[in-house]
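S.K.: For reference, the structure I am asking about is given below.
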Amino acid sequence: MTYGIEYVATVGPEQTAWLTNPEHFDGSSAGAENGDGTVTLTEEQVDALREQDTGEGRPGDLEWDDEHGLLVYLPGGGDCQGFWLVERLRAGRA
């Protein structure tokens, strides 16, 4: 059995819409809305964001913080807001 990492962000409706839109990733997949105010991203989806990162704090850009972990910038109220992605282990397929 293989294992992977998934990332969970607690976000508002506007940020949920952004994270669940495939055009912001590789065009074929997007984050999954969990129905509890959180969205889950796979390791591959985070990698897709990382490949497109502008380094300017635009929507979809990532930032690493040693204390808190991975931060993703998302649109919100006209400004980019940072949302922490909580990393957790997920079981993969055998």
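The values are calculated or read from the model by the stated rules, or taken from the named source; none is laboratory data. Note that the coordinates shown come from a computational prediction; the quantities given were computed from them, not determined experimentally. Reconstructed Cβ throughout: ideal geometry from the backbone, glycine too, with neighbour counts over all protein chains shown. The protein model used for the area step is the full one, side chains on, heavy atoms only, and it has no ligands, DNA or RNA in it. Shrake-Rupley method; radii C 1.70, N 1.55, O 1.52, S 1.80 Å.
S.K.: Kindly sort His68, His24 by accessible area of their heavy atoms, largest first, with the probe set to 1.4 Å. List each step's numbers first, then the result.
M.R.: Details: His68 100, His24 40 Å².
Putting His68, His24 in descending order of accessible area: His68, His24.
S.K.: With axes computed from alpha carbons, what is the tilt in degrees of helix 43-52 against the longest principal axis of the chain, rounded to the nearest 10 within 0 to 90?
M.R.: 40 degrees
S.K.: Kindly sort Thr42, Thr54 by accessible area of their heavy atoms, largest first, with the probe set to 1.4 Å.
M.R.: Thr54, Thr42
S.K.: Now for a different question. Once label points are set 7 Å from the Cα along Cα→Cβ at both Asp47 and Asp26, what is their separation, rounded to one decimal in nm?
M.R.: Each label point lies 7 Å from its Cα, and together they span 0.7 nm.
S.K.: Kindly identify region 12-64 as rounded, prolate or oblate by the Cα gyration tensor criterion: order the square roots of the eigenvalues as a ≥ b ≥ c, call it rounded if a/c is under 1.5, otherwise compare a/b with b/c, prolate if a/b is larger, else oblate.
M.R.: prolate
S.K.: Considering only protein heavy atoms, with the full assembly of protein chains and a 1.4 angstrom probe, order Tyr7, Tyr73 by accessible area, largest first.
M.R.: Heavy-atom accessible area, descending, gives Tyr73, Tyr7.
S.K.: With every protein chain in place, what's the accessible area of Leu85 (1.4 Å probe, Å², nearest 10)?
M.R.: Roll a 1.4 Å probe over it and Leu85 shows about 10 Å².
S.K.: Per-residue HN-Hα couplings for region 69-76, Karplus 6.51 cos²θ - 1.76 cosθ + 1.60 at θ = phi - 60°, whole Hz, x for Gly and Pro?
M.R.: After applying 6.51 cos²θ - 1.76 cosθ + 1.60, I find x, 8, 10, 10, 8, 9, x, x Hz.
S.K.: Before I look further, what does region 4-92 give for accessible area per residue, probe 1.4 Å, in whole square angstrom?
M.R.: I get 56 Å² per residue for this part.
S.K.: What is the percent carbon and sulfur in the accessible area of region 6-94, measuring with a 1.4 Å probe over the protein chains and ignoring ligands?
M.R.: In region 6-94, the share of accessible area belonging to carbon and sulfur is 45 percent.
S.K.: Treat every Asp and Glu Cβ in the chain as -1 and every Lys and Arg Cβ as +1, leave all other atoms uncharged, and give the resulting dipole magnitude about the Cα centre to the nearest 20 debye.
M.R.: In debye, rounded to 20, the chain gives about 380.
S.K.: OK, next. When N counts the residues of the chain, how does its alpha-carbon radius of gyration compare numerically with 2.2 N^0.38 Å, as a ratio?
M.R.: Taking N as the residue count of the chain, the ratio is 1.03.
S.K.: In percent, how large is the relative contact order of region 16-85, given Cα pairs closer than 8 Å and 6 or more residues apart?
M.R.: Relative contact order of region 16-85: 19 percent.
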